[in-house]
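The values are calculated or read from the model by the stated rules, or taken from the named source; none is laboratory data. In this text the structure is predicted, and so the values were computed from the model without any measurement. Using ideal geometry, Cβ is built from the backbone for each residue, glycine included, and neighbour counts are taken over all protein chains shown.
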Amino acid sequence: MNNAHIVKSFDNELAQIENLILEMGGIVETQIVECVKALTSRDEELAMKVRTDDKSVDALDTRIDDLTLRTLALRQPMAQDLRSVICALKVASNLERIGDYSKNIAKRSVVLGGTDHVISAEKTITRMGAMVQVMVADVLNAYVAKDVKMADELILRDEEVDHMHNTLFRELLTYMMESPKFITSGMHLLFVAKNLERMGDHVTGIAEQIHYVVTGSIPDDDRPKGDFTSQITG
(Lines give C-alpha, C1' and ligand atoms only; values in the text may rest on other atoms or scores of the structure.)
Protein backbone atom coordinates (compact mmCIF):
# COMPACT_ATOMS: atom_id res chain seq x y z
CA MET A 1 0.00 0.00 0.00
CA ASN A 2 1.59 3.28 -1.07
CA ASN A 3 1.92 6.28 1.21
CA ALA A 4 -0.56 8.42 -0.75
CA HIS A 5 -3.24 5.77 -0.27
CA ILE A 6 -2.50 5.54 3.46
CA VAL A 7 -2.79 9.32 3.83
CA LYS A 8 -6.06 9.40 1.85
CA SER A 9 -7.50 6.54 3.94
CA PHE A 10 -6.55 8.31 7.16
CA ASP A 11 -8.10 11.57 5.95
CA ASN A 12 -11.30 9.73 5.04
CA GLU A 13 -11.48 8.15 8.48
CA LEU A 14 -10.98 11.53 10.17
CA ALA A 15 -13.70 13.05 7.98
CA GLN A 16 -16.06 10.23 8.95
CA ILE A 17 -15.34 10.79 12.64
CA GLU A 18 -15.82 14.55 12.22
CA ASN A 19 -19.19 14.04 10.53
CA LEU A 20 -20.34 11.82 13.40
CA ILE A 21 -19.24 14.48 15.89
CA LEU A 22 -21.23 17.13 14.02
CA GLU A 23 -24.28 14.84 13.97
CA MET A 24 -23.87 14.28 17.68
CA GLY A 25 -23.44 18.01 18.30
CA GLY A 26 -26.61 18.81 16.38
CA ILE A 27 -28.64 16.48 18.59
CA VAL A 28 -27.04 17.94 21.72
CA GLU A 29 -27.89 21.50 20.63
CA THR A 30 -31.52 20.47 20.19
CA GLN A 31 -31.50 18.78 23.58
CA ILE A 32 -30.35 22.01 25.26
CA VAL A 33 -33.10 24.06 23.64
CA GLU A 34 -35.80 21.48 24.33
CA CYS A 35 -34.88 20.66 27.92
CA VAL A 36 -35.12 24.34 28.87
CA LYS A 37 -38.40 24.69 26.98
CA ALA A 38 -39.75 21.57 28.69
CA LEU A 39 -38.80 23.09 32.04
CA THR A 40 -40.37 26.49 31.52
CA SER A 41 -43.54 25.15 29.87
CA ARG A 42 -43.80 22.06 32.14
CA ASP A 43 -44.02 19.93 28.97
CA GLU A 44 -43.61 16.28 30.00
CA GLU A 45 -43.82 14.99 26.43
CA LEU A 46 -40.96 17.24 25.33
CA ALA A 47 -38.97 16.24 28.40
CA MET A 48 -39.38 12.58 27.42
CA LYS A 49 -38.15 13.38 23.89
CA VAL A 50 -34.97 14.91 25.35
CA ARG A 51 -34.38 11.77 27.38
CA THR A 52 -35.02 9.54 24.37
CA ASP A 53 -32.69 11.61 22.17
CA ASP A 54 -29.93 11.05 24.70
CA LYS A 55 -29.83 7.40 23.64
CA SER A 56 -28.89 8.56 20.13
CA VAL A 57 -26.12 10.73 21.59
CA ASP A 58 -24.78 7.77 23.57
CA ALA A 59 -24.88 5.54 20.48
CA LEU A 60 -22.93 8.09 18.43
CA ASP A 61 -20.40 8.44 21.24
CA THR A 62 -19.83 4.68 21.13
CA ARG A 63 -19.43 4.72 17.34
CA ILE A 64 -16.91 7.54 17.56
CA ASP A 65 -14.98 5.70 20.27
CA ASP A 66 -14.84 2.57 18.12
CA LEU A 67 -13.74 4.44 15.00
CA THR A 68 -11.06 6.50 16.75
CA LEU A 69 -9.60 3.49 18.55
CA ARG A 70 -9.58 1.54 15.28
CA THR A 71 -7.82 4.45 13.56
CA LEU A 72 -5.23 4.65 16.32
CA ALA A 73 -4.54 0.92 16.08
CA LEU A 74 -4.38 0.67 12.29
CA ARG A 75 -2.82 3.99 11.30
CA GLN A 76 -0.61 4.71 14.33
CA PRO A 77 -0.72 8.46 13.59
CA MET A 78 1.98 10.83 14.77
CA ALA A 79 2.21 14.49 15.76
CA GLN A 80 -0.82 16.58 14.70
CA ASP A 81 -2.57 13.56 13.20
CA LEU A 82 -2.38 11.82 16.58
CA ARG A 83 -3.63 14.95 18.33
CA SER A 84 -6.57 15.12 15.91
CA VAL A 85 -7.68 11.60 16.77
CA ILE A 86 -7.30 12.15 20.51
CA CYS A 87 -9.17 15.44 20.18
CA ALA A 88 -12.08 13.67 18.48
CA LEU A 89 -12.36 11.24 21.40
CA LYS A 90 -12.43 14.06 23.91
CA VAL A 91 -14.83 16.24 21.92
CA ALA A 92 -17.28 13.35 21.72
CA SER A 93 -16.90 12.71 25.45
CA ASN A 94 -17.64 16.35 26.28
CA LEU A 95 -20.69 16.38 24.00
CA GLU A 96 -21.96 13.19 25.62
CA ARG A 97 -21.72 14.82 29.05
CA ILE A 98 -23.60 17.90 27.81
CA GLY A 99 -26.33 15.55 26.59
CA ASP A 100 -26.44 13.93 30.01
CA TYR A 101 -26.95 17.32 31.67
CA SER A 102 -29.80 18.07 29.25
CA LYS A 103 -31.37 14.76 30.19
CA ASN A 104 -31.02 15.64 33.88
CA ILE A 105 -32.79 18.96 33.31
CA ALA A 106 -35.56 17.17 31.44
CA LYS A 107 -36.05 14.83 34.39
CA ARG A 108 -36.31 17.76 36.81
CA SER A 109 -38.82 19.51 34.56
CA VAL A 110 -41.18 16.58 35.13
CA VAL A 111 -40.71 16.80 38.90
CA LEU A 112 -41.42 20.54 38.74
CA GLY A 113 -44.70 19.93 36.94
CA GLY A 114 -46.79 20.42 40.05
CA THR A 115 -44.91 23.39 41.48
CA ASP A 116 -45.32 27.14 41.11
CA HIS A 117 -43.28 28.92 38.45
CA VAL A 118 -40.40 31.10 39.64
CA ILE A 119 -40.69 33.45 36.68
CA SER A 120 -37.54 35.55 37.07
CA ALA A 121 -35.36 32.49 37.74
CA GLU A 122 -36.81 30.63 34.77
CA LYS A 123 -36.13 33.61 32.53
CA THR A 124 -32.49 33.55 33.62
CA ILE A 125 -32.35 29.79 32.98
CA THR A 126 -33.77 30.40 29.49
CA ARG A 127 -31.04 32.97 28.79
CA MET A 128 -28.37 30.61 30.14
CA GLY A 129 -29.68 27.80 27.96
CA ALA A 130 -29.67 29.97 24.85
CA MET A 131 -26.14 31.13 25.60
CA VAL A 132 -24.84 27.59 26.10
CA GLN A 133 -26.57 26.36 22.93
CA VAL A 134 -24.86 29.09 20.89
CA MET A 135 -21.54 28.23 22.54
CA VAL A 136 -21.94 24.59 21.50
CA ALA A 137 -22.72 25.65 17.92
CA ASP A 138 -19.71 27.98 17.86
CA VAL A 139 -17.30 25.43 19.34
CA LEU A 140 -18.36 22.88 16.71
CA ASN A 141 -17.64 25.47 14.00
CA ALA A 142 -14.27 26.13 15.61
CA TYR A 143 -13.59 22.39 15.70
CA VAL A 144 -14.28 21.95 12.00
CA ALA A 145 -12.27 25.05 11.05
CA LYS A 146 -9.52 24.37 13.63
CA ASP A 147 -9.98 28.02 14.59
CA VAL A 148 -7.83 28.66 17.66
CA LYS A 149 -8.94 32.28 18.00
CA MET A 150 -12.61 31.31 18.18
CA ALA A 151 -11.80 28.49 20.60
CA ASP A 152 -9.92 30.83 22.93
CA GLU A 153 -12.78 33.37 22.81
CA LEU A 154 -15.21 30.63 23.85
CA ILE A 155 -13.11 29.89 26.93
CA LEU A 156 -13.54 33.53 27.95
CA ARG A 157 -17.27 33.54 27.12
CA ASP A 158 -17.82 30.81 29.69
CA GLU A 159 -17.23 33.43 32.38
CA GLU A 160 -20.58 35.00 31.49
CA VAL A 161 -22.33 31.65 32.03
CA ASP A 162 -20.59 31.39 35.42
CA HIS A 163 -21.70 34.91 36.31
CA MET A 164 -25.33 34.16 35.44
CA HIS A 165 -25.18 30.99 37.51
CA ASN A 166 -23.81 32.86 40.52
CA THR A 167 -26.49 35.55 40.25
CA LEU A 168 -29.25 32.97 39.97
CA PHE A 169 -27.84 31.03 42.91
CA ARG A 170 -28.14 34.09 45.15
CA GLU A 171 -31.61 34.89 43.83
CA LEU A 172 -32.96 31.40 44.47
CA LEU A 173 -31.48 31.27 47.96
CA THR A 174 -33.26 34.54 48.73
CA TYR A 175 -36.58 33.17 47.43
CA MET A 176 -36.25 30.04 49.55
CA MET A 177 -35.35 31.94 52.71
CA GLU A 178 -38.24 34.38 52.28
CA SER A 179 -40.91 31.82 51.38
CA PRO A 180 -40.73 28.10 52.29
CA LYS A 181 -43.18 27.28 49.48
CA PHE A 182 -40.33 27.93 47.02
CA ILE A 183 -37.91 25.49 48.66
CA THR A 184 -38.79 22.47 46.50
CA SER A 185 -38.85 24.32 43.20
CA GLY A 186 -35.86 26.44 44.24
CA MET A 187 -33.71 23.40 44.95
CA HIS A 188 -34.54 21.82 41.60
CA LEU A 189 -33.84 25.08 39.77
CA LEU A 190 -30.49 25.35 41.56
CA PHE A 191 -29.54 21.95 40.14
CA VAL A 192 -30.80 22.98 36.68
CA ALA A 193 -28.64 26.12 36.76
CA LYS A 194 -25.65 24.05 37.86
CA ASN A 195 -26.24 21.64 34.98
CA LEU A 196 -26.17 24.54 32.51
CA GLU A 197 -23.03 25.93 34.13
CA ARG A 198 -21.35 22.54 33.74
CA MET A 199 -22.36 22.46 30.07
CA GLY A 200 -20.39 25.68 29.64
CA ASP A 201 -17.40 24.00 31.27
CA HIS A 202 -17.58 21.15 28.77
CA VAL A 203 -17.66 23.63 25.89
CA THR A 204 -14.48 25.06 27.39
CA GLY A 205 -13.04 21.54 27.44
CA ILE A 206 -13.71 21.17 23.71
CA ALA A 207 -12.21 24.61 23.01
CA GLU A 208 -9.05 23.60 24.88
CA GLN A 209 -8.76 20.48 22.74
CA ILE A 210 -9.00 22.56 19.56
CA HIS A 211 -6.17 24.73 20.88
CA TYR A 212 -4.19 21.56 21.60
CA VAL A 213 -4.68 20.10 18.10
CA VAL A 214 -3.44 23.23 16.36
CA THR A 215 -0.66 24.36 18.72
CA GLY A 216 0.38 21.17 20.49
CA SER A 217 -0.31 22.64 23.93
CA ILE A 218 -3.27 23.17 26.25
CA PRO A 219 -3.93 26.89 26.92
CA ASP A 220 -2.80 28.16 30.32
CA ASP A 221 -5.60 27.98 32.86
CA ASP A 222 -5.00 31.48 34.15
CA ARG A 223 -8.57 32.79 34.08
CA PRO A 224 -10.30 32.85 37.47
CA LYS A 225 -13.16 30.37 37.73
CA GLY A 226 -16.33 32.42 37.83
CA ASP A 227 -18.43 29.87 39.70
CA PHE A 228 -18.13 30.37 43.46
CA THR A 229 -21.01 28.12 44.56
CA SER A 230 -18.89 25.00 45.04
CA GLN A 231 -16.87 26.90 47.66
CA ILE A 232 -19.88 27.56 49.90
CA THR A 233 -19.75 25.42 53.01
CA GLY A 234 -22.97 26.60 54.67
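Does segment 166-174 contain at least one residue that is in contact with a His (Cβ under 9 Å, 6 or more places away or on another chain), modelled with pLDDT under 95 and either surrounded by 19 or more Cβ atoms within 10 Å (Cβ to Cβ) or within 30 Å of PRO77 (Cβ to Cβ) (or both)? So far as segment 166-174 goes, no, none of its residues is in contact with a His (Cβ under 9 Å, 6 or more places away or on another chain), modelled with pLDDT under 95 and either surrounded by 19 or more Cβ atoms within 10 Å (Cβ to Cβ) or within 30 Å of PRO77 (Cβ to Cβ) (or both). When only residues in segment 50-95 that are polar (S, T, N, Q), surrounded by fewer than 16 Cβ atoms within 10 Å (Cβ to Cβ) and part of a helix (DSSP H, G or I) count, which is modelled with the lowest pLDDT? Among residues in segment 50-95 that are polar (S, T, N, Q), surrounded by fewer than 16 Cβ atoms within 10 Å (Cβ to Cβ) and part of a helix (DSSP H, G or I), the one modelled with the lowest pLDDT is GLN80. Would you pick out the residues in segment 126-149 that are hydrophobic (A, V, I, L, M, F, W, C), free of Cβ contacts under 8 Å to residues at least 60 places away in the same chain and farther than 20 Å from HIS163 by Cα? Once the filter is applied, which keeps residues that are hydrophobic (A, V, I, L, M, F, W, C), free of Cβ contacts under 8 Å to residues at least 60 places away in the same chain and farther than 20 Å from HIS163 by Cα, segment 126-149 yields only ALA145. Selection of segment 175-211 for residues being closer than 16 Å to SER102 by Cα, touching a residue at least 40 places away in the same chain (Cβ under 8 Å), hydrophobic (A, V, I, L, M, F, W, C) and surrounded by fewer than 21 Cβ atoms within 10 Å (Cβ to Cβ) yields only PHE191. Of all the numbered requirements in (1) exposed (fewer than 15 other Cβ atoms within 10 Å of the Cβ); (2) in contact with a Lys or Arg (Cβ under 7 Å, 6 or more places away or on another chain), GLY114 misses one, and that requirement is (2). Among all residues of segment 48-60, there is at least one that is under 24 Å from ALA145 (Cα atoms) and in contact with a Leu (Cβ under 8 Å, 6 or more places away or on another chain).
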